[in-house]
Amino acid sequence: MATLSIVVCGAPLASVAVSLVREAERRGFDVSLVATEASRAWLDEDAQALVVPAPRRPEAVLVCPVTFNTGNKWAAGVSDNSQLGLLNESLGTGARVVAVPFVNESLWRHPAWANSLATLANSGVMFVDPATGDPEARPTRHGTGDVVTAAFRPEWALDPLA
């Protein structure tokens, strides 16, 4: 059984964490749910109960959602919390890594974001668009977080890990 760490960051899509965990377990993964402090506002009690304090070294990592803040820190190699430590280490261990960016249009146009996406892609990170499931992620339009989250399908993020 392959180990999978699902990292959730602070954006509306974090609310699908339990669905991601359940679908990953159904697919045979041994799952650990890792949550940034900012993500906790979107996690219900069921999700909070699944969060592990210290992630183990997984064979696969899913970051859903990855935010502007976490994505930029990750690409820069910043490890100022355990979640970023896990993400940074995953790039050096050969783990399969999928990221689902949840970044609004204004931040998407910030010059640091394009560089961060390129750095992560060049490091082997696969991206998934949260609105369509496409492998080319795009910005999330302002005010559509709930709509995008409601339409999101866990298989979009998990299929690239197969």
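Name, by its number, the condition in (1) within 14 Å of the chain's Cα centre (by Cα); (2) on the phi < 0 side of the Ramachandran plot that does not hold for residue 133.
Of (1) within 14 Å of the chain's Cα centre (by Cα); (2) on the phi < 0 side of the Ramachandran plot, only one is false for residue 133: (2).
Looking at 14, 54, which is the one that is touching a helix residue (DSSP H, G or I) at 6+ places or on another chain (Cβ under 7 Å), surrounded by 14 or more Cβ atoms within 10 Å (Cβ to Cβ) and either within 21 Å of residue 131 (Cβ to Cβ) or modelled with pLDDT under 95 (or both)?
Of the residues listed, the single one that is touching a helix residue (DSSP H, G or I) at 6+ places or on another chain (Cβ under 7 Å), surrounded by 14 or more Cβ atoms within 10 Å (Cβ to Cβ) and either within 21 Å of residue 131 (Cβ to Cβ) or modelled with pLDDT under 95 (or both) is 14.
Quick one: which residue in 100, 61 is modelled with pLDDT of 95 or more, over 21 Å from residue 145 (Cβ atoms), assigned to a strand (DSSP E or B) and in contact with a strand residue (DSSP E or B) (Cβ under 9 Å, 6 or more places away or on another chain)?
61
Between a residue in the stretch 74-87 that is over 14 Å from residue 61 (Cβ atoms) and any residue that is assigned to a helix (DSSP H, G or I) and among the hydrophobic types (A, V, I, L, M, F, W, C), which pairs come within a Cβ distance under 7 Å, given they are 6 or more apart or on different chains?
Correct list of pairs: 75/120; 78/84.
Evaluate the following for residue 79: is it polar (S, T, N, Q), outside any helix (DSSP H, G or I) and surrounded by fewer than 16 Cβ atoms within 10 Å (Cβ to Cβ)?
Yes.
Is there any pair linking a residue in the stretch 21-32 that is within 16 Å of residue 46 (Cα to Cα) to one that is part of a helix (DSSP H, G or I) and at pLDDT below 95, with Cβ under 6 Å and at least six apart or on different chains, and which?
Final answer for the pair search is 21/50.
Give me the pairs: first residue in the stretch 1-14 and over 8 Å from residue 42 (Cβ atoms) and in contact (Cβ under 8 Å) with a residue 12 or more places away in the chain, second residue assigned to a strand (DSSP E or B) and among the charged types (D, E, K, R), beta-carbon distance under 6 Å, and six or more apart or on different chains, which are they?
From the stretch 1-14, the pairs are 1/30; 3/30.
When only residues in the stretch 111-146 that are in contact with a Phe, Trp or Tyr (Cβ under 8 Å, 6 or more places away or on another chain) and not in a loop (DSSP other than H, G, I, E, B) count, which is modelled with the lowest pLDDT?
Looking at the filtered set, the residue picked out is 145.
The values are calculated or read from the model by the stated rules, or taken from the named source; none is laboratory data. Being a predicted model, the structure only gives us computed values, none of them experimental. FYI the Cβ positions are ideal-geometry reconstructions off the backbone, even for glycines, and counts take in every protein chain you see.
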